[in-house]
Amino acid sequence: MSAKELDFERCYRAVTTRDARFDGQFVTAVRTTGIYCRPSCPAITPKPANVTFLPTAAAAQQSGFRACRRCLPDAAPGSPLWNTRADLASRAMRLIADGVIERGGVPALADTLGYSQRQLTRVLTSELGAGPLALARAHRAHTARLLIQTTHLSMSDIAFAAGFASIRQFNDTVREVFAVSPTTLRDESRRRNGDTLPATNGQLTLRLPYREPLDKPWLEWFLSSHAVPGLELWEDGHYSRSLRTPHGHTTIRMSIQPGHVRASLALHDMRDLAPTVARLRHFLDLDADPIGIDEALAAGMTGTPSSSATALSNGHRPVDRSTLLSPGIRVPGCLDGPELLLRTMIGQQISVAAANTHTARLVQTLGESIPGPISHLFPTPAAIAEHGAEVLTGPARRVEAIVAAARAIADGELALHAGRTASELRRDLLALDGVGPWTADYVTMRLLADPDVLLPSDLIVRRGAALLDIDLAETTRFAPWRSYLTMHMWKHALAAPAATPDGASVARKVRTAP
């Protein structure tokens, strides 16, 4: 929620009931203690007169409040609003989480978004209660706490890995945010959890929280069915893959657990911790508000006139079709924009299995070899632009289109990052040869975590819509959650391959691009 949208009575009710659904959407700052908490903090509920509600941890820190060391408000799931909104503040938050300020400062953030630094600071301060530097500082503090409490790294290494310019700045920030020194913060964690941490050599194991419920089978199907040999691996409920990062690369191994995703990261450079975590959360849609989304979609399903009218005309009671929806379904995002587009183009008009085979050949031939259980990184756009035509097979026009798209990315003509608006990104994608509305919408949905993208031309979506009795020409009642509706239709169609005579054939040819 932005500072303008916070409603005191609603926020206070959430705090009184310790409603965890609001964790990450705002923080509770208590003037009498100087501490800010997440809404579900187990501490005694403060009196209304002593409370103020702020949209971000950065706003609380800038106002002089320090983080509660009991509920750890900085460790709450992120706000779902940064994905559901497309305004400047939301796009800036997505880029700040990806570490743009650490790598290039506020000028890089402003330039990426296409605004002046002054205008950007004014908008962020007005909307979120803090400017870009304060927001980036809050992210650095969160990264520092993670490293302090989960590794044996020296404090000097942690300071620079978290993005601080100096050890003094690191010490001052930790004291201001957590009211204790970094050493005390580590000692408290060891007394509470025991000193059982493994020796750190770029290896970290983290718990990434999410709001429940979460449709685990859907995410696991998506991860396992799209795993490309040499780049990704699905094994015994664990998903592993390599990922190119701003300062090198990392290898990820993760599994979905109740209430959190357990992620093990082998980082080439510890400075890549924060952007890697942000990309993982985006990839698995961990910051979604599943209860709110499910309620909205269920209301749309029960409000459909066709189902009730058909049931009554046949002499049957109306069926509550909202029960057919899977609670907590997620829309998979992406870990790398160029990879998403190029893999989607490779998978056009062919099955998922065939797309994986073509992509694996590209990875093995042009991808950079790395040590570890995952052998390669996905090729750079420059490598595909130069040698892709020698490796890719299939229709000549498709190969030419993939190579041309890679060249546009490599030359900087096409920007693929989470700070873009959906309309601008879709326009640029449609300008590419070989990219039609389905591909443009699919990439926009996953790259930007856009919650309201419908894919009406998709064969599997149409089949799922028929099974759920949804008119794809009349879906406004499902806005702004039509991306999630698309996932429901995909899942429902794939779960019932025998519902139509050609169902098995359709299931084999599903074109859910990676």
Query raised in the report: Any idea which residue in the range 424-444 is surrounded by the fewest Cβ atoms within 10 Å (Cβ to Cβ), counting only those that are in a loop (DSSP other than H, G, I, E, B) and in contact (Cβ under 8 Å) with a residue 40 or more places away in the chain?
Result: 434
Query - Top-ranked residue of the range 350-382 - restricted to ones that are more than 23 Å from residue 416 (Cα to Cα) and among the small types (Gly, Ala, Ser), ranked as surrounded by the fewest Cβ atoms within 10 Å (Cβ to Cβ) - result: 369
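Looking at the range 209-228, is at least one residue of a type in the set (Ser, Thr, Tyr), part of a strand (DSSP E or B) and either surrounded by fewer than 21 Cβ atoms within 10 Å (Cβ to Cβ) or touching a residue at least 60 places away in the same chain (Cβ under 8 Å) (or both)? Don't jump to the end; show me each part of the working.
Pass one, the range 209-228, residues of a type in the set (Ser, Thr, Tyr): 210, 224-225.
Those still in the list that are part of a strand (DSSP E or B) too: none.
For the range 209-228, residues of a type in the set (Ser, Thr, Tyr), part of a strand (DSSP E or B) and either surrounded by fewer than 21 Cβ atoms within 10 Å (Cβ to Cβ) or touching a residue at least 60 places away in the same chain (Cβ under 8 Å) (or both): absent.
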Report task. Could you please give the count of residues in the range 141-157 that are open to solvent by less than 30 Å² (accessible area, probe 1.4 Å) and without any contact (Cβ under 8 Å) to a residue 40 or more places away in the chain? Result -> 1
Query raised in the report: (1) touching an Asp or Glu at 6+ places or on another chain (Cβ under 9 Å); (2) at pLDDT 95 or above: which one isn't true of residue 73, the others all being true?
Result: (2)
Requested in this report: Taking residue 153 as meeting all but one of (1) over 20 Å from the mean Cα position of the chain (by Cα); (2) in a helix (DSSP H, G or I), write down the number of the exception.
Outcome: (2)
Query raised in the report: Does residue 385 satisfy the criteria of being touching a residue at least 12 places away in the same chain (Cβ under 8 Å) and open to solvent by 10 Å² or more (accessible area, probe 1.4 Å)?
Result: yes
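From the list 405, 410, exactly one residue is crowded, with 21+ Cβ neighbours inside 10 Å and farther than 18 Å from residue 241 by Cβ. Which is it? Step through it out loud before you land on a result.
Working: 410 fails: crowded, with 21+ Cβ neighbours inside 10 Å.
Going through 405, 410 in turn, the sole match is 405.
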Report summary line: Residue hits (the range 48-90; open to solvent by 20 Å² or more (accessible area, probe 1.4 Å) and more than 19 Å from residue 23 (Cβ to Cβ)) are 48, 49, 50, 62, 63, 64, 86, 87
Query raised in the report: Which residue out of 449, 415 is crowded, with 23+ Cβ neighbours inside 10 Å and not in a helix (DSSP H, G or I)?
Result: 449
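The values are calculated or read from the model by the stated rules, or taken from the named source; none is laboratory data. Note that the structure is a prediction, hence the values are computed from the model and not measured. With ideal geometry, Cβ positions are generated from the backbone for all residues, glycine too; neighbour counts draw on all protein chains shown. Keep in mind that these areas ignore ligands, DNA and RNA; they rest on the heavy atoms of the full protein, side chains included. Shrake-Rupley method; radii C 1.70, N 1.55, O 1.52, S 1.80 Å.
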